[in-house]
1. Taking R0 as 51 Å, what's the FRET efficiency between B:V140 and B:D292 from their Cβ-Cβ distance, rounded to 0.05?
2. Could you tell me how far the Cα centroid of segment B:73-101 sits from the Cα centroid of segment B:348-427, in Å?
3. Net charge around A:G68, counting only other residues with Cβ within less than 14 Å of its Cβ (Lys, Arg = +1; Asp, Glu = -1)?
4. Calculate the tail of P(r) for segment B:128-195: the fraction of all Cα-Cα distances greater than 21 Å, expressed in %.
5. Could you give the distance between the Cα centres of segment B:275-294 and segment B:146-174, to the whole Å?
6. I'd like to check one number: the per residue accessible area of segment A:70-110, probe 1.4 Å, reported in Å² as a whole number.
7. For chain A, find the longest principal axis of its Cα atoms and tell me its angle to the long axis of helix A:39-48, 0 to 90°, nearest 10.
8. Pull up the cross-link candidates among the aspartates and glutamates for B:K89, meaning alpha carbon to alpha carbon under 18 Å and not fewer than 8 places away within one chain.
Amino acid sequence: MNRARFEPLLLTLLLVLVAGVCLVRGIGLVREPHRMDAHEERHWFEWAYPRSDAAARFAGAAAALAPGEAVCLVAPRSTKDWWTFMARYYLPDQMIAAARARGARRGLPPQATVLDVHWNGEIQVRRGDDGG
Amino acid sequence: MGLALLVGWSLLKPAGREALSPAGLGLALVFGTTLLVGIGFPLARLGAPVTASTIAGLAGLLAAGLFLLGRRRPPLRLAVDAPGDRLSKLAGLLLLAGLALFLAKLRLAPLWTWDHFAVWGIKSRRMIQDGALDLGFLDVRSFWGIEPQYPLGLPFAWRLLSLGAVPGELAFKVCHGLFALALVAITHHGLLLASGSRRIANGLAAWLAVSPVLWDTVGVGHADLPLALWAVAALVLVFAAIAVPAGERGKASLRLAGLAAGFLPWIKQEGLVVALALLAASALLVGRSPRDRRVVWQDRLALLLPAAVTLAASRLVTNVPRAHGINFFAGRWWVRVASRLAHPGELLGLAAKDLLAADWLGIWIVFAVVCVLTVTWRRSRRPRRGPAAILCGIVAGLLAVYVSIYFVTVLPARPHLEGSFFRLLCPLAPLALLALAAFLGDIASGAAQAAPTPPAAPQEMEGGGGQA
């Protein structure tokens, strides 16, 4: 087997493939810059990332919280777990002491600092006896 | 990042222009990060503060110490004499285009996915409290989805590379982007060493640059790309060691290779299996190189000693034992294996579907062909004994190990495979490309040996240089 015979042909085929992929992806990035179409992206992105404004929402809430403060989270029932994980991620200096679905029977301590997540993603910080 | 490069550069001491070569910078990043994490994490567990000033101090001390202690150590040589031609220049341009598209996508992509938020990124953001390492959150019940049994080397690395600050979107993206560029640069160097041909190296590196290893940004902020980077760094340094005559320079490369392989379990749990496979392959590669028997064992020792120390340290300091992590072998695993082996088609079919997915652009199909040719090609028996056979063996072996886990797993097997196997292939893809390059190098070498008169140049294609 002599590499000189087949290497240029195979390499040219490979380069045509790479060039085609680059062309299609370049056009795709220009037309739809935020389209996530790779294999794992197709499987997981929409499922894992329903909100693009989470970072900004939590940054706003963090400004109203003290470092090390324990907070309780209240969120819509259908997205409570998602908001809880996001709160742990985006508020590393605070402790998420409890998470409740809105309208849950188990209440929160009246003195608790509450992160109240509304249906539209707006986050309100409530303190003291009006908590829970 | 700059401090990690400084520490790595002090360790490697790449000579002259090679210090600023992409592979030189990539290796400096790998070994700077390895040393900073490998020394910084145990110190932090002993109570040392983790702040910008202590991180800078540690990096400064390490760089100065390595520089002074290593004055008599031979510098790392990265030059490979493999002249280019028009086809190699075209491949090089496509490689740059692929990397540019990757960086553009990385900039545009929003901050990733569930495993980043819930498993990897969150640990990095939470592990330092008031300037000290605090892993208490891993014991909190509400954090149980965080996979506390996963190694903490990479989350700690992100934190160190952010100078102790809470890493945000920019820090994660910069780390991911630089790790990806380092991966391509070091792989390219390995392809050059393995094939002896610049156009093959450029072409295969361009293939890697457009592969899901980089393009699939769901892996951003996860550990699969760093695992690939450290694995490739280890293997390429073994290639570099056996490409030079036996001596102190080769031993220095092998020590670094052992260090990089030993760091793999600091990154991911399966890093241990990958490290052991790479070390076995490296020991075989050293044995097949033209060295005296006594020198072979000295070189193997140079490889395995740092690897053993780093592997042992990974068990002591990175895995924080927690009872509530997922153990795939939990319960009566042999019963699960028996029942799944009774109908293996479903799991094997799903694994094959991932390997044959169009997203891979044919990498695994070509790898399979290379494996078959390596085993069956009889005109010259050299490929059956050369680097290609060894690399095909470890990649195929690791694929088999990964697939076998889905027969064992305590989780529902089908969703477990569908949710992870494609991503697990990413660290193996650069190794598969190195196997392909080694196969082409073996053919060139075999053809050169079979030629009736010695050729004027060492390589028939391009007068290329180092044959691994």
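1. Efficiency at R0 = 51 Å is approximately 0.35.
2. Each part reduced to its Cα centre gives a spacing of 27 Å.
3. -3
4. Of all Cα-Cα distances in segment B:128-195, 45 percent exceed 21 Å.
5. 34 Å
6. Here the residues of segment A:70-110 average 47 Å² of exposed surface.
7. Once rounded, one gets 10 degrees.
8. In chain and number order, the partners are A:E7, B:D81, B:E462.
The values are calculated or read from the model by the stated rules, or taken from the named source; none is laboratory data. As the structure is a computational prediction, the values presented were derived from the model and not from experiment. Virtual Cβ from ideal backbone geometry, glycine too; neighbours counted across all protein chains shown. To get the accessible areas, we keep the full protein, side chains included, count just its heavy atoms, and leave off ligands, DNA and RNA. Shrake-Rupley method; radii C 1.70, N 1.55, O 1.52, S 1.80 Å.
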